[in-house]
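Asker: I'd like to ask you about the structure that follows.
The values are calculated or read from the model by the stated rules, or taken from the named source; none is laboratory data. What you see is a predicted model, and the numbers here were worked out from it, not measured in a lab. Every residue, glycine among them, receives a Cβ derived from its backbone with ideal geometry; neighbour counts consider all protein chains shown. What goes into the accessible areas is simple: the full protein's heavy atoms, side chains included, and nothing from ligands, DNA or RNA. Shrake-Rupley method; radii C 1.70, N 1.55, O 1.52, S 1.80 Å.
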Amino acid sequence: MSTISLCMIVKNEEEVLGRCLECMKELVDEIVIVDTGSEDATKEIASAYTNQVYDFAWEDDFSKARNFALAKGKGEYLMWMDADDVIGEQYKDDFLKMKESLGEADIIMMPYVTQFDLQGKPAFVYDRERIFKNHSGFRFQGRVHEAVTPAGKIQREGIPVEHRKTKPGDQDRNLRIYEKMREEGKSFNGRELYYYGRELLAHRQYQKGEKIFREFLGREDGWEENKIDAARQLAFCCYGLGDEDGALEALLKSFLYDVPRGEICCDLGRHFMDRGRYRQAAFWYQRALTAEKQQASGAFVQEECYDYLPAISLCVCYDRMGDIKTAEKYNELAGAFWPDSPSYHYNKEYFRSRKAEAEGG
């Protein structure tokens, strides 16, 4: 069985660090904790699980801190997690079995669940490079939104790491880092430009975001999955600027890179539904129901865009078009995806009332 060193960077994580380490202590062979300036009990909690607790002066560079932690790991493989990440109890046996098959793998990709819906089910999922062979040159790159470039033999596992935040972080930190890089005159690579655009959009700086996304889409070093999503984010910037035609054009631009994704189809459906063009909206929502998820490619997957959201939206579209029978059919489909949905139950009562009125008339 291969050995794994869990290498983490932390700061002021006393609320969640114990939860993370408790779930990992029997899965990994070594725990390395690098503290970047905690002012709470984070280091004391870490010391209860490992004697390898190190200090690192924060330099607005996540890769530097993470790579410092990786350099301390002695296992055959290195693994990273954030303090508010966990692996569910139901996956622990799978993780231990995975350790037995790591001998030939260079990189292990695992699903990262960063959002959950009201049912507690995964809502936003994408694959991340989670474990990689030690002494093979794998290191993080990028001051923020840092990543390890996959190479060699890649092994994919279905063991999800769940990001379970308990409090909001510093919402402005990432944008500050990117703006600092700009001030320093640093040239952005494609990935940095893409994430800079996302941060600008998150801060409703639509005009700057639009400019950055258009610049990114014109770059040759942009990853295809990032370009698909960038077209979508560009559309949101255009909506923010009141440019509806530009938003529609941006969404359609995503088709240059691959077949329509469920997320794009739902965006197109919403675009037409908001404008009362229900037949066109229904067309795109139907496409979303048949779209194939591309999580294994590293794409950001919003789960509801492939089932509940298009189904409940189709219910609305067909009702507005006067096709009550089809509308009710899609509402029942939405209920199959989310039985406790308030919208589903509201619609059931609505259709019941309409039938009663028709029979009474």
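Asker: Counting only Cα atoms, I'd like the Rg/Rh figure for region 261-331, Kirkwood definition for Rh.
Answerer: 1.01
Asker: Still on this structure: Above 18 angstrom, tally the Cα pairs of region 14-141 and express them as a % of all pairs, no decimals.
Answerer: Summing the P(r) of region 14-141 above 18 Å gives 59 percent of all pairs.
Asker: Filter the trypsin sites (Lys or Arg not before Pro) in region 1-108 to those in DSSP coil with at most 11 other Cβ atoms within 10 Å of their Cβ, and list the result.
Answerer: Sites meeting the loop and neighbour criteria: none at all.
Asker: For residue 72 and residue 277, compute 0.36 nm times the residue count separating them, minus their Cα-Cα distance, and round to one decimal in nm.
Answerer: Answer, rounded to one decimal: 67.9 nm.
Asker: Could I ask something else about it? Count neighbours as other Cβ atoms within 10 Å of each site's Cβ, and list the trypsin sites (Lys or Arg not before Pro) in region 139-174 that are DSSP loop with at most 16 such neighbours.
Answerer: Details: sites: 139, 143, 153, 156, 164, 165, 173; in loops: 139, 143, 153, 164, 165.
Answer in residue order: 139, 153, 164, 165.
Asker: Another one. Residue by residue through region 4-16, what is 3J(HN,Hα) from phi via Karplus (6.51 cos²θ - 1.76 cosθ + 1.60, θ = phi - 60°)? Round to whole Hz and write x for glycine and proline.
Answerer: 10, 9, 8, 10, 10, 10, 9, 7, 6, 10, 4, 6, 10
Asker: Moving on to the next point. Tell me, what is the per residue accessible area of the chain in Å², probe radius 1.4 Å?
Answerer: Per-residue value: 49 Å².
Asker: May I pose another question? How big is D for region 213-322, in µm² s⁻¹ as a whole number, if Stokes-Einstein is applied with the Kirkwood radius of its Cα pairs at 25 °C and 0.890 mPa s?
Answerer: 173 µm²/s
Asker: First compute the accessible area of the chain with a 1.4 Å probe, then give the percent of it belonging to carbon and sulfur atoms.
Answerer: Of the solvent-accessible surface of the chain, carbon and sulfur hold 47 percent.
Asker: Moving to a separate point now. Rounded to whole Hz and in sequence order, give me ³J(HN,Hα) for region 341-347 from the Karplus expression 6.51 cos²θ - 1.76 cosθ + 1.60, θ = phi - 60°, writing x for Gly and Pro.
Answerer: 4, x, 5, 4, 6, 4, 5
Asker: Report, in debye and to the nearest 20, how large the dipole of the chain comes out about its Cα centre when Lys and Arg carry +1 and Asp and Glu carry -1 on their Cβ.
Answerer: 820 debye
Asker: Shifting gears a bit: Of all GluC sites (Glu not before Pro) in region 253-312, which ones are in loop regions per DSSP and have a Cβ with at most 16 other Cβ atoms within 10 Å?
Answerer: Values: sites: 263, 292, 303, 304; in loops: 292.
Answer in residue order: 292.
Asker: First select every other residue whose beta carbon is under 11 angstrom from the beta carbon of residue 330; then total the charges, Lys and Arg +1, Asp and Glu -1.
Answerer: Once all neighbours under 11 Å are counted, the net charge is -2.
Asker: Where does the chain land at 222 nm, in deg cm²/dmol rounded to the nearest 500, when only DSSP H runs of n ≥ 4 count, each adding -39500 (n - 2.57), divided by all residues?
Answerer: Theoretical 222 nm ellipticity from helices: -14500 deg cm²/dmol.
Asker: Once the other residues with Cβ under 15 Å from the Cβ of residue 118 are scored (Lys, Arg +1; Asp, Glu -1), what is the net sum?
Answerer: Once all neighbours under 15 Å are counted, the net charge is -4.
Asker: If you don't mind, another one. Compute the distance in nm between two label points, each set 7 Å from the Cα along the Cα-to-Cβ direction, one at residue 357 and one at residue 58.
Answerer: Simple spin-label model gives 5.8 nm for this pair.
Asker: If you wrap a convex hull around the C-alpha atoms of the chain and split its volume per residue, what is the figure in Å³?
Answerer: Looking at the chain, the number lands at 155 Å³ per residue.
Asker: Hey, another quick one. In whole Hz, what ³J(HN,Hα) sequence does region 246-262 give by Karplus (6.51, -1.76, 1.60; θ = phi - 60°), x for Gly and Pro?
Answerer: x, 5, 4, 4, 5, 4, 5, 5, 4, 6, 5, 9, 5, 5, x, 8, x
Asker: Calculate the spin-label point distance for residue 149 paired with residue 220, positioning each point 7 Å from the Cα along the beta-carbon direction, and give it in nanometres.
Answerer: Here the answer is 1.6 nm between the modelled labels.
Asker: Moving to a separate point now. Place a +1 charge on the Cβ of each Lys and Arg in region 191-292 and a -1 charge on the Cβ of each Asp and Glu, then give the dipole magnitude about the Cα centre in debye, rounded to the nearest 20.
Answerer: The calculated dipole for region 191-292 is roughly 320 debye.
Asker: Hey, which aspartates and glutamates would be in cross-link range of residue 165, C-alpha to C-alpha under 17 Å, not counting anything within fewer than 8 residues on its own chain?
Answerer: Within the straight-line cut-off, residue 165 pairs with 13, 14, 15, 22, 82, 84, 85, 117.
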